[in-house]
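The values are calculated or read from the model by the stated rules, or taken from the named source; none is laboratory data. Quick caveat, the model's predicted, so the values are computed rather than measured. Here Cβ is always computed from backbone atoms with ideal geometry, including for glycine, and neighbour counts include all displayed protein chains. Ligands, DNA and RNA are stripped out before the accessible areas are found, and what is left, the full protein with its side chains, is counted by its heavy atoms. Shrake-Rupley method; radii C 1.70, N 1.55, O 1.52, S 1.80 Å.
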Amino acid sequence: MKTNIFEPAKIGSLQLKNRISMAPMTRARNANGIPNDDNALYYAQRAGAGLIITEGTAISDTAKGVLYIPGLYTKEQVEGWKKVTKAVHQKGSTIFTQLWHVGRVSHTSNQPNGIAPVGPSDIQATTSFAWGYDENGKEGPVISSKPRALSNAEVKQITKDFATA
């Protein structure tokens, strides 16, 4: 049986206009973490795909490993994503947000007040890079900072942050 990728598809409860999916790609265009009109335009321009999965979207202020990514944990961010969703829906496509918490693969320059990133342990990801500011304030790839190990209560809070986002 041949499948035509341009034909509609039903996946679970989703009715998609075609079988084409756009994979997530980090755009890093939100200096204040709030999705804006540029995000809405970007995703609307790609709404020929039946399903769009957005760039990695932070679930909290400590979830970031890249400068300028959007979040989904403040009222303003929710309103920004509503603009994006509306623009994509108007083009007849379906959109999902890729939620993330990067854990230890972050840098102190991505964290509120320069705190250490958090992870399941305090083992540094010495071969992994974040996108942040180096010691001279220059933006670019930086070795992930040494993390602080999460407590059990903090793990539960991150789980709640995912659910809230």
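Of the residues making up region 16-63, those that are open to solvent by 50 Å² or more (accessible area, probe 1.4 Å), outside any loop (DSSP other than H, G, I, E, B) and touching a residue at least 40 places away in the same chain (Cβ under 8 Å) are ASP37, LEU41, ILE53. For region 125-150, filtered to residues that are assigned to a strand (DSSP E or B) and among the hydrophobic types (A, V, I, L, M, F, W, C), the residue that is surrounded by the most Cβ atoms within 10 Å (Cβ to Cβ) is ALA130. With the structure loaded, tell me whether THR74 is polar (S, T, N, Q), open to solvent by less than 30 Å² (accessible area, probe 1.4 Å) and over 30 Å from ASN136 (Cβ atoms) or whether it fails that test. Taking the combined requirement at face value, the residue does not satisfy it.
Selection of region 64-91 for residues being among the charged types (D, E, K, R) and assigned to a helix (DSSP H, G or I) yields LYS75, GLU76, GLU79, LYS82, LYS83, LYS86. Please work out if ARG46 is at pLDDT 95 or above, over 13 Å from the mean Cα position of the chain (by Cα), farther than 21 Å from SER144 by Cβ and of a type in the set (D, E, K, R). For ARG46, the condition - at pLDDT 95 or above, over 13 Å from the mean Cα position of the chain (by Cα), farther than 21 Å from SER144 by Cβ and of a type in the set (D, E, K, R) - is met.
Selection over region 103-124 of residues that are open to solvent by less than 30 Å² (accessible area, probe 1.4 Å) and without any contact (Cβ under 8 Å) to a residue 40 or more places away in the chain gives a count of 1.
ILE59 fulfils the conditions (1) in contact with a His (Cβ under 7 Å, 6 or more places away or on another chain); (2) at pLDDT below 95 except for a single criterion, (2). Scanning region 151-165 for residues that are open to solvent by 50 Å² or more (accessible area, probe 1.4 Å) and β-branched (Val, Ile, Thr) yields VAL155, THR159, THR164.
Of all residues in region 105-158, those that are within 22 Å of ARG29 (Cα to Cα) and hydrophobic (A, V, I, L, M, F, W, C) total 6. Residues of region 75-102 that are free of Cβ contacts under 8 Å to residues at least 40 places away in the same chain and in contact with a strand residue (DSSP E or B) (Cβ under 7 Å, 6 or more places away or on another chain): THR85 alone.
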